[in-house]
Amino acid sequence: MTVNNSPRRKAMITASLVIAFSMTLASCTKQESGTLLGAIGGAVAGSAIGGKGGGAGKVIAVAAGTLGGAYIGSEIGKSLDRADRQAMQERAQYSLENTPSGKATTWHNPDSGNSGTITPQPAYSTKADKYCREYQQTVTVAGKTETAYGTACRQKDGTWKIINQ
């Protein structure tokens, strides 16, 4: 198996980290979680926009992306509550284990109105004999939809864990 280090692949890995991190922020308020996740996503976007070199342009792009992402994440975080995150996590586990490749499964919280989808891709085995799947995930809050891509691998206990490759 060859390793794909394309910019799109790196962006997918980064997005999976953001989603994984969001699933572990139960101790933070919704707005704090959203602010932090938005800042991370903004920093990643700023880094990509700033180009490959190190210079001042990249630093400015990362800083601007971080601030903009923090603001947007804060606004979204006001609406994404613990029940939403729980519904998203449960549906992700189900989808990765049971859903055919390319078929979206959905989650919806009737109390908040927030929703999302998880669309797994074909499974593959890693060199370490882990069973993994890439996936696309959307989250819709207050009518705005965000999309992220990631990879999850099945653990010995049968659960799926988002990984960073």
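The values are calculated or read from the model by the stated rules, or taken from the named source; none is laboratory data. What you see is a predicted model; the values in this text were computed from it and never measured. Neighbour counts run over all protein chains shown; Cβ positions are idealised from the backbone, glycine included.
Has the range 114-134 got at least one residue that is in contact with a helix residue (DSSP H, G or I) (Cβ under 6 Å, 6 or more places away or on another chain), surrounded by fewer than 20 Cβ atoms within 10 Å (Cβ to Cβ) and modelled with pLDDT of 90 or more? For the range 114-134, residues in contact with a helix residue (DSSP H, G or I) (Cβ under 6 Å, 6 or more places away or on another chain), surrounded by fewer than 20 Cβ atoms within 10 Å (Cβ to Cβ) and modelled with pLDDT of 90 or more: absent. Annotation note: Cβ proximity below 9 Å between a residue of the range 116-137 that is outside the structural domain of Tyr149 (by TED's automatic domain parsing) and a residue that is crowded, with 19+ Cβ neighbours inside 10 Å and not hydroxyl-bearing (Ser, Thr, Tyr) (sequence gap 6+ or interchain) occurs for no pair. Against the test of being modelled with pLDDT under 90 and in a helix (DSSP H, G or I), the options Gln165, Gln89, Gln93 yield a single qualifying residue, Gln89.
For the structure I just gave you, tell me whether Thr138 is more than 22 Å from Asp81 (Cβ to Cβ) and surrounded by 14 or more Cβ atoms within 10 Å (Cβ to Cβ). Break it down stepwise before answering.
Values: more than 22 Å from Asp81 (Cβ to Cβ): no; surrounded by 14 or more Cβ atoms within 10 Å (Cβ to Cβ): yes.
So Thr138 does not fit the description; no.
Check whether at least one residue in the range 114-129 is of a type in the set (Asp, Glu), in a loop (DSSP other than H, G, I, E, B) and at positive phi, and report yes or no.
yes
Which pairs do you get when a residue that is over 14 Å from Glu134 (Cβ atoms), found in the range 91-105, comes within reach of a residue that is part of a helix (DSSP H, G or I) and not small (Gly, Ala, Ser), reach meaning Cβ atoms under 8 angstrom, with the pair 6+ apart or on two chains? Close Cβ pairs satisfying both conditions: Thr105/Arg91; Thr105/Tyr94.
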